[in-house]
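For reference, the structure is listed below as structure tokens.
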Amino acid sequence: MERDGSSGTRPAVAGLLLAAGAGRRLGGRPKALLEYGGRPLVEHAARALREGVRGPVHIVLGAAAGEVRARAALDGCAVTVNPDWEQGMGSSLRAGLASLAATGAAAAVVALVDQPGVGAAAVARVAAAYASPETLASAAYDGRRGHPILLGAGHWPAIAASAVGDQGARSYLRRHEAAVVLVECADIALPGDIDTPDDLWRLGSGPPRPPAPGATKR
């Protein structure tokens, strides 16, 4: 629980990082270990969650989990290794939600490890959309839904049941589209992910910086 300055306490919003993929289309380079700013990419994503939410941060690893844990500084995070990571993102989302179930968190902001343009500012903005354990929210980029997403704990069992293959929460959010709060983040984050060697340029500029005061998106 966290203090809210008025009624006393409110349920914590947790962070959940999905970082289990093997990067098959990258030639078998696990995305968590891609170098970003001189460190494994998973560190950037974990830091964004730690700085953007006030609740616990859990990380789901899979491919090369031992190497990731040895090379990456993941202090302050709880790490779960998904033995079924090869089944797709859905299995990692299920593992992550199961690991959070015992924390008492009322919602989780879910982030993907392969989006270096998403930082703490976007995480915090999406987390601020929390209203109740029934909240569903998503970052939006020029009105188009993206990551990170916020999943209220009231939805976790149904989301876990529908998370198969590489779907994650996508199909569930599509079915409940009318309930999803869109949180515009195009002014503070870049939504592109890293799937193929053609996407590796996204790693070249270091961690994203917030816009200068008074700057507007063109």
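Here are the numbers:
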read-out: Test: residue in the stretch 62-78 that is under 16 Å from the mean Cα position of the chain (by Cα), within 27 Å of Y141 (Cα to Cα) and crowded, with 21+ Cβ neighbours inside 10 Å; value: no
read-out: V60, sole failed condition from (1) farther than 20 Å from L151 by Cβ; (2) in contact (Cβ under 8 Å) with a residue 40 or more places away in the chain; (3) not in a helix (DSSP H, G or I); value: (1)
read-out: Index of the failed condition, D114 passing every other in (1) closer than 16 Å to G90 by Cβ; (2) crowded, with 20+ Cβ neighbours inside 10 Å; (3) charged (D, E, K, R); value: (1)
read-out: Matching option when the condition is within 21 Å of C185 (Cβ to Cβ) and of a type in the set (K, R), among R94, R170; value: R170
read-out: Subset of the stretch 121-162 [under 18 Å from L18 (Cα atoms) and exposed (fewer than 15 other Cβ atoms within 10 Å of the Cβ)]; value: P157, A161
read-out: Test result for G15, under 18 Å from the mean Cα position of the chain (by Cα), under 24 Å from V180 (Cα atoms) and assigned to a loop (DSSP other than H, G, I, E, B); value: no
read-out: Members of the stretch 1-20 found to be out of contact with any Ser or Thr (no Cβ under 8 Å at 6 or more places or on another chain) and modelled with pLDDT under 95, listed by number; value: D4, G5, S6, S7, G8, T9, R10, P11
read-out: Test: residue in the stretch 43-54 that is out of contact with any Cys (no Cβ under 7 Å at 6 or more places or on another chain), of a type in the set (A, V, I, L, M) and over 26 Å from D199 (Cα atoms); value: yes
read-out: Residue identified as in contact with a Lys or Arg (Cβ under 6 Å, 6 or more places away or on another chain) and modelled with pLDDT of 95 or more among V68, V113, V79; value: V113
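The values are calculated or read from the model by the stated rules, or taken from the named source; none is laboratory data. As the structure is a computational prediction, the values presented were derived from the model and not from experiment. No Cβ is skipped: glycine too gets one built from the backbone with ideal geometry, and neighbour counts run over all protein chains shown.
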